[in-house]
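Please treat every number below as a calculation from the coordinates, not as lab data. On a predicted model such as this, the values are computed, not experimentally measured, just so you know. Heads up, the Cβs are rebuilt from the backbone with ideal geometry, glycines too, and the neighbour counts pull from every protein chain shown.
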Amino acid sequence: MTLIEFVNLLASALLLAGIYAVMSVGMTVIYGVMKIVNLAHAGFMMLGAYLALELFERFRIDPILAALLVFPVMFVVGRVLHWLLVRRLPTSDQPTLASLLLMFGLWLVLQNLGYFIWGNADRSIYTSHTLSLLRFGAVTISTVRLVVFGAAVACMVALHLILNHTWFGRSVRALIQNRYAGQIVGVDDQKTASITFGLGIGFAGLAGALLASLYSFNPDFGRPFLIRAFVIIVLGGLESVSGVAIGAFVLAFVETFGILFVPAGYQLALSYGLLVVVLIFLPGGVAALTAKVRRLA
Amino acid sequence: MSNISESSILLSVQNLEVSYGPVQVLWGVTLSVRKGHVVSIIGSNGAGKSTTLNAILGVRKVGRGQIVFKQEDIVRQPPHERVKRHMTLVPEGRQLWPKMTVEDNLLMGAFPSTLRKDAVPNLSRVYDIFPRLKERRSQLAGTLSGGEQQMCAIGRGLMAEPELLMLDEPSLGLAPKIVDEIFEFVRNISREGVTILMVAQNVNYALRISQYAYLMETGKITLDGPSEKLLADDYVQEAYLGST
């Protein structure tokens, strides 16, 4: 491999990591606060993709701008679903069977709703920049990928700032680390859970809408991404946003450079393989590894 | 307690019953706390002392009974409404957020919207009481020593300007020297006019710093009276203070 090839691969790994991070962070915050594994995540990504498509086709809204508009819409969808269904689940410090079944059921409903409204044909968002490339010296980057990356990073930074510098963010971190202590100081955990669920669904929709600019999609969209989100969350540790960013980069790096060694069709096998390896050797994720290194140092 | 006028009673609990699933743990607990007093609940492990405090704050669901705080029945109010009315709990085992800074831990004590505007002055008040927390303000709470964690937990409980501060086993798991220090803090906080309801297995200490005490056994109050009387009581001496 030449240096130029390496830098090109590194650049595309980085761009992929941005979108992977946005895709996984919604699941992480929901799991952290509510201990619910959002199996319907892929369904909300699909919904986000079609919403972006509708905004683009009906109103000629730029797909990236459309993705940012999808966020508040899906936020509201999330809060409504929380009020209708999710708040009725028993609260627990462990994922419950009831929550898994509810989210799985929700996924099936969303998927079929997708088939009902949009049919089963593959769709895609095609604009004048879809195929345009930017050259930085020897490095070639797809314009759309770069813009998607920028939007993804901006959203991650915004979430990070909210979590670390607002009362709401502090209450989210408090519930993630110790729910009982949160209740004691007067955090209304149902309200925080509702907003968090909205945020998580909002991020799922955003990720779907951003991915819609890169890949074609149908109502089954999101399934392979759901598996990747699992890998990233396990890698990053289940409860931290910066962990998600690290996990996203590791997976994107492995997948991108994996192309050199295994055929592209086996990419998902690579993700799954990574999941198995991590669960066996590093069940606490990257955070546990750094803690271990710090102890040894 | 019949000679005490109604208005000097800050908290009154009547016939409180609490169950964990099918297992009933509180069987009609009745107690009251006078404004400005330190009141302790003593008793052995599993007697229902912590459950009583959790039920008073509302984090444990009450089956039956009445909780009157500042002349208002609060038994149906969620915990955050009770914190807004200046009732706080320093829970057993501290229950800090280990990966949040000391300062963020403290600030969370003023979380309800009506308390936030005074969070900054209250923070400096807490730092005045516990200068060691000020030194460690940007450290993660999980890296504090046991005694410092207890100070942080008490500090968090003071952030909501409590009229009633409930302390659950403030000395558990701490070295004897630190225990002295913590009880000295409790005494100072009480002198500033904060009413304290305290649960402690350290019966000797609890009875020495409180004015009134309740003995709790298997979910019931079995004895109550001025603390010095309980301290002199033969049964309490034998069963809880280890004298023969």
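Okay, here's what the table says:
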quantity	calculated
Chain lengthening between A:ARG295 and A:LYS191 when straightened (0.36 nm per residue, less Cα-Cα)	33.6 nm
Angle in degrees between helix B:176-191 and the longest Cα principal axis of chain B, rounded to the nearest 10	90 degrees
Least to most buried among A:THR166, A:THR256, B:THR52, A:THR2 (fewest other Cβ within 10 Å first)	A:THR2, A:THR166, A:THR256, B:THR52
Stretch gain in nm, segment B:SER138-B:SER44, where the contour uses 0.36 nm per residue and the Cα spacing is subtracted	30.1 nm
All-pairs Cα distance distribution in the protein assembly as shown, expressed in whole percent, bin size 10 Å	4, 16, 23, 20, 15, 11, 7, 3, 1, 0
Hypothetical label at A:LEU85: residues of segment A:102-135 whose amide nitrogen lies under 19 Å (7 Å Cα-Cβ projection)	A:102-118
Mean shadow area of segment A:16-221 over all directions, Cα convex hull, nm²	12.4 nm²
Sites B:GLU217 and A:ALA288, calculated FRET efficiency, Cβ-Cβ separation with R0 51 Å, nearest 0.05	0.70
Approximate spin-label separation A:LEU260-B:GLU161, in nm, with each point projected 7 Å along Cα-to-Cβ	6.4 nm
Efficiency of FRET from Cβ geometry, A:ASP93 and A:ILE280, R₀ 22 Å, rounded to 0.05	0.30
Order of B:LYS61, B:LYS70 - criterion: other Cβ atoms within 10 Å of each residue's Cβ, fewest first	B:LYS61, B:LYS70
Stretchable slack from A:ASN120 to A:PHE168, in nm (0.36 nm times residue separation minus alpha-carbon distance)	13.2 nm
Mean Cα-pair separation over length for segment A:1-97, i.e. relative contact order, pairs under 8 Å, 6 or more apart, %	27 percent
Separation of the B:ALA232 and A:HIS160 label points, Cα + 7 Å toward Cβ, nm	6.6 nm
For B:CYS152, A:CYS155, order by how many other beta-carbon atoms lie within 10 Å, fewest first	A:CYS155, B:CYS152
